[in-house]
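**Q** After the structure tokens below, expect a handful of questions from me.
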Amino acid sequence: MKIQNYIDGEFLNPIADQWIDNYNPSKGEVYGQIPDSTKEDIELAVTAAKKAFPAWSNTTLNERSTILSNIAQGIHDKLPELAIAESKDNGKPLSLASAIDIPRASSNFQFFADAITQFSSEAHESVGLNAINFTLRQSIGVVGCISPWNLPLYLFTWKIAPALAAGNCVIAKPSEVTPMTAYLLADICNDAGLPNGVLNIVHGLGQSAGQAIIEHPDIKAISFTGGTSTGAHIARTAAPMFKKLSLELGGKNPNMIFSDCDYEKMLNTTVRSSFANQGQICLCGSRIFIEENIYEKFKEDFIHKVSQLKIGNPFDKDSDVGALVSKGHLEKVKSYIDIAEQEGGEILYGGNIVTVEGSENGYYLQPTIIEVSSNDCKLNQEEIFGPVVTIMSFKNEDEVLKMANGIQYGLSATLWTNNLNRTMRMSKQLETGIVWVNTWLMRDLRTPFGGVKASGVGREGGFEALRFFTEPKNVCISYD
Ligand code: TXE
């Protein structure tokens, strides 16, 4: 099947009539084509967005909120169809897409439908000077949203919903590897009453369609989630044009386990934080540090639990681990496993590509546990973004903190301890945007989301996202 761009409320073929193959990673087969859009398609989308902006930015908050709620409902109503599409496009277990990805995409719209009705700005009285200042928070205009392949509709909507809620018109590009649910979203938006041109979804490659978005002078802000090197390239391109930038980039997150934690809860959660979505979540705890007095016990129990995970076709009900997103990505992840030995790492479990019966050409890899002896090895320093974790022991709080922070990334950290003083000390010293204590990936959509260091700039979530997608203007009124 061929999917199309969604521009000015219409479904269109790419102007140059060039197409890209779309793969089903669980089968390793091409199952469709997507537009290989160019500058000309982006130009068309920007023209439509500029035309739609004056009316959309002047809709009442109630009207806007109602339309966004309709989209949330539309996603909810089409949950089974969207979950199947996501699973087929990405390789993730259907159970995960049904329980997490698609419900969260709906919540993203519902959350910002509500949040925009509560968003306010400040007033500052210049006491004694007979003046009052207030802040107008105005829509920016046309903004760009570029998203990755690991949580396709989940992250696509996480950007689009606040951008639209704040009254902007959007040019959005999903990853070329997982375009399907973004395509289906277009229909839902039409049915929800979103006016033509307010949201334009253009498909294509990063270096052409994506590049045209970041370079376009009329696109005033870019919200991007993806790899750190792409983020650096976007910053280099967009900064001289003084665009607003929100960059959510890679992570290589520490999972620090102290012996005073709730052991069973920690063990079950650590299996999830290591291998959920085949380890392809920027928040996965891929560097596991265990206090030395429970190291041997943890090692044994963890290997046992992980050995029970079932690798299989994403559509099988009992599959815990599905396929990796692409052949190229499978090869990249495998290449890290292959360097383990050179670095003195020991593969304690997994490490092999798996053939799944009936899906022999799919991109399956065993969940893999590697024991390392230093935090400075490549396996601990580079983002692998697959079902591969390292484990090593630590002696005390100072040592583990040093290792947790001893990396270019700073997205999230997980801490397992029941010691409140340690929790506070470490939370303050960890160089990350998020710290989870005795839990993982528990998300409250009002909280700021994002990282420090090479994990990005800016925050998404709650009012932070609405602040990003609006321009503050100070109005100062002097009176007699
Ligand atoms: O991401 P890219 P890739 C990490 C992970 C992974 C690596 C590369 O380590 O192995 O990044 O993945 C668009 N101008 N993460 O290559 O290229 C692209 O089309 C504008 C972490 O798939 O960064 C896609 O829509 N856009 C991550 C999006 O950027 C461009 C999730 C992300 O693609 C562009 C995914 C350009 N010049 C990968 N080049 C996370 N933080 O969750 C590419 N794109």
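Where a number appears in this text, it was derived from the coordinates with a stated rule and is not lab data. Owing to the predicted nature of the structure, the values given are computational and were not obtained by experimental measurement. Cβ sites come from the backbone with ideal geometry, for glycine too, and all protein chains shown count toward neighbours.
**Q** Report, by residue number, each residue of region 112-139 that is within 30 Å of Ala72 (Cβ to Cβ) and in contact with an Asp or Glu (Cβ under 7 Å, 6 or more places away or on another chain).
**A** Thr135, Gln138
**Q** Out of everything in region 196-214 that is more than 10 Å from the ligand (Cβ to nearest atom) and of a type outside the set (Gly, Ala, Ser), what residue ends up being farthest from Asn168 (Cα to Cα)?
**A** Filtering first and then ranking leaves Val202.
**Q** Still on this structure: What tally of residues in region 250-265 results from selecting those that are touching a residue at least 60 places away in the same chain (Cβ under 8 Å) and assigned to a helix (DSSP H, G or I)? Spell out the reasoning first.
**A** Our first condition is that a residue be touching a residue at least 60 places away in the same chain (Cβ under 8 Å); within region 250-265, this holds for 250-258, 260-262, 265.
With assigned to a helix (DSSP H, G or I) added as a condition, the list becomes 265.
So the count comes out to 1.
**Q** Which residue out of Leu129, Leu136, Leu184, Leu199 is surrounded by fewer than 21 Cβ atoms within 10 Å (Cβ to Cβ), within 22 Å of Glu10 (Cβ to Cβ) and more than 17 Å from the chain's Cα centre (by Cα)?
**A** None of the others qualify; the one that does is Leu184.
**Q** Taking the condition of being more than 16 Å from the ligand (Cβ to nearest atom) and under 14 Å from the mean Cα position of the chain (by Cα), how many residues in region 449-464 meet it?
**A** The qualifying residues number 0.
**Q** For region 14-49, which positions are in contact (Cβ under 8 Å) with a residue 40 or more places away in the chain, of a type in the set (D, E, K, R) and closer than 30 Å to Val321 by Cα?
**A** Within region 14-49, Lys27, Glu29 meet the criteria.
**Q** Keeping to region 134-150, report how many residues are more than 10 Å from the ligand (Cβ to nearest atom), within 17 Å of Leu245 (Cβ to Cβ) and part of a strand (DSSP E or B). Break it down stepwise before answering.
**A** At the first step, the residues of region 134-150 found to be more than 10 Å from the ligand (Cβ to nearest atom) are 134-143.
From what's left, within 17 Å of Leu245 (Cβ to Cβ): 140-143.
Checking the rest, the ones that are also part of a strand (DSSP E or B) come to 142-143.
Summing the residues that are more than 10 Å from the ligand (Cβ to nearest atom), within 17 Å of Leu245 (Cβ to Cβ) and part of a strand (DSSP E or B) in region 134-150 gives 2.
**Q** Just wondering, is there one or more residues in region 91-98 that are farther than 21 Å from Pro387 by Cβ, outside any loop (DSSP other than H, G, I, E, B) and either without any contact (Cβ under 8 Å) to a residue 40 or more places away in the chain or not hydroxyl-bearing (Ser, Thr, Tyr) (or both)? Explain how you work it out, then say what you get.
**A** Quick first cut of region 91-98, residues farther than 21 Å from Pro387 by Cβ only: none.
Checked against the condition, which is being farther than 21 Å from Pro387 by Cβ, outside any loop (DSSP other than H, G, I, E, B) and either without any contact (Cβ under 8 Å) to a residue 40 or more places away in the chain or not hydroxyl-bearing (Ser, Thr, Tyr) (or both), region 91-98 yields no hits at all.
**Q** Further question on the same structure: Within region 401-411, is even one residue of a type in the set (Gly, Ala, Ser) and in contact with an Asp or Glu (Cβ under 7 Å, 6 or more places away or on another chain)?
**A** Within region 401-411, one or more residues are of a type in the set (Gly, Ala, Ser) and in contact with an Asp or Glu (Cβ under 7 Å, 6 or more places away or on another chain).
**Q** I've got another one for you. What number goes with the only condition from (1) surrounded by 15 or more Cβ atoms within 10 Å (Cβ to Cβ); (2) in contact with a helix residue (DSSP H, G or I) (Cβ under 7 Å, 6 or more places away or on another chain) that Ile339 does not pass?
**A** Only one criterion is unmet by Ile339, namely (1).
**Q** Now for a different question. Just name the residue that is nearest to Ile84 (Cα to Cα) out of those in region 155-180 that are polar (S, T, N, Q) and within 11 Å of the ligand (Cβ to nearest atom).
**A** Restricting to residues being polar (S, T, N, Q) and within 11 Å of the ligand (Cβ to nearest atom), the top hit is Thr178.
**Q** Tell me which helices (runs of 4 or more DSSP H) are completely within region 363-480 and hold 2 or more residues being closer than 16 Å to Gly285 by Cα, touching a residue at least 24 places away in the same chain (Cβ under 8 Å) and not charged (D, E, K, R), or say none if there are none.
**A** Because the criterion is at least 2 residues that are closer than 16 Å to Gly285 by Cα, touching a residue at least 24 places away in the same chain (Cβ under 8 Å) and not charged (D, E, K, R), the helices (runs of 4 or more DSSP H) in region 363-480 that meet it are 378-381, 397-405.
**Q** A further question follows. For Asp187, work out the one condition from (1) more than 16 Å from the ligand (Cβ to nearest atom); (2) acidic (Asp, Glu); (3) more than 20 Å from Glu86 (Cα to Cα) it doesn't fulfil.
**A** Only one criterion is unmet by Asp187, namely (3).
**Q** Then there is this: Select from region 13-31 the residues that are surrounded by 17 or more Cβ atoms within 10 Å (Cβ to Cβ) and either more than 24 Å from the chain's Cα centre (by Cα) or in a loop (DSSP other than H, G, I, E, B) (or both) and list them in ascending order. Step through it out loud before you land on a result.
**A** Filtering region 13-31 down to residues surrounded by 17 or more Cβ atoms within 10 Å (Cβ to Cβ) leaves 14, 19-20, 22-28.
Selection gives Pro14, Trp19, Pro25, Ser26, Lys27, Gly28.
**Q** Are any residues in region 243-280 within 13 Å of the ligand (Cβ to nearest atom) and either more than 19 Å from the chain's Cα centre (by Cα) or surrounded by fewer than 19 Cβ atoms within 10 Å (Cβ to Cβ) (or both), and if so, which ones?
**A** Selection gives Lys243 alone.
**Q** Follow-up. Can you tell me which of Leu415, Leu430, Leu411 is within 15 Å of the ligand (Cβ to nearest atom), of a type outside the set (Ser, Thr, Tyr) and surrounded by 14 or more Cβ atoms within 10 Å (Cβ to Cβ)?
**A** Values: Leu415 fails: within 15 Å of the ligand (Cβ to nearest atom); Leu430 fails: within 15 Å of the ligand (Cβ to nearest atom).
The unique qualifying residue is Leu411.
**Q** Name the residue, out of Thr225, Thr237, that is surrounded by fewer than 24 Cβ atoms within 10 Å (Cβ to Cβ), more than 21 Å from Thr368 (Cα to Cα) and near the ligand (Cβ under 10 Å from one of its atoms).
**A** Result: Thr237 is the single residue among Thr225, Thr237 that is surrounded by fewer than 24 Cβ atoms within 10 Å (Cβ to Cβ), more than 21 Å from Thr368 (Cα to Cα) and near the ligand (Cβ under 10 Å from one of its atoms).
**Q** Quick check on Ile67: is it closer than 30 Å to Glu357 by Cα and either part of a helix (DSSP H, G or I) or touching a residue at least 40 places away in the same chain (Cβ under 8 Å) (or both)?
**A** Spelling it out, it is not the case that Ile67 is closer than 30 Å to Glu357 by Cα and either part of a helix (DSSP H, G or I) or touching a residue at least 40 places away in the same chain (Cβ under 8 Å) (or both).
**Q** Being within 25 Å of the chain's Cα centre (by Cα) and farther than 28 Å from Leu245 by Cβ is the requirement here; does Leu411 meet it? Lay out the reasoning, then the answer.
**A** Values: within 25 Å of the chain's Cα centre (by Cα): yes; farther than 28 Å from Leu245 by Cβ: no.
So Leu411 does not fit the description; no.
**Q** Still on this structure: I'm trying to understand the selection: among the residues of region 207-222, which are in contact (Cβ under 8 Å) with a residue 40 or more places away in the chain and surrounded by fewer than 20 Cβ atoms within 10 Å (Cβ to Cβ)?
**A** Ser208, Asp218, Lys220
**Q** Restricting attention to region 215-268, report how many residues are among the basic types (Lys, Arg) and more than 14 Å from Val457 (Cβ to Cβ).
**A** Going through region 215-268 one residue at a time, the tally reaches 3.
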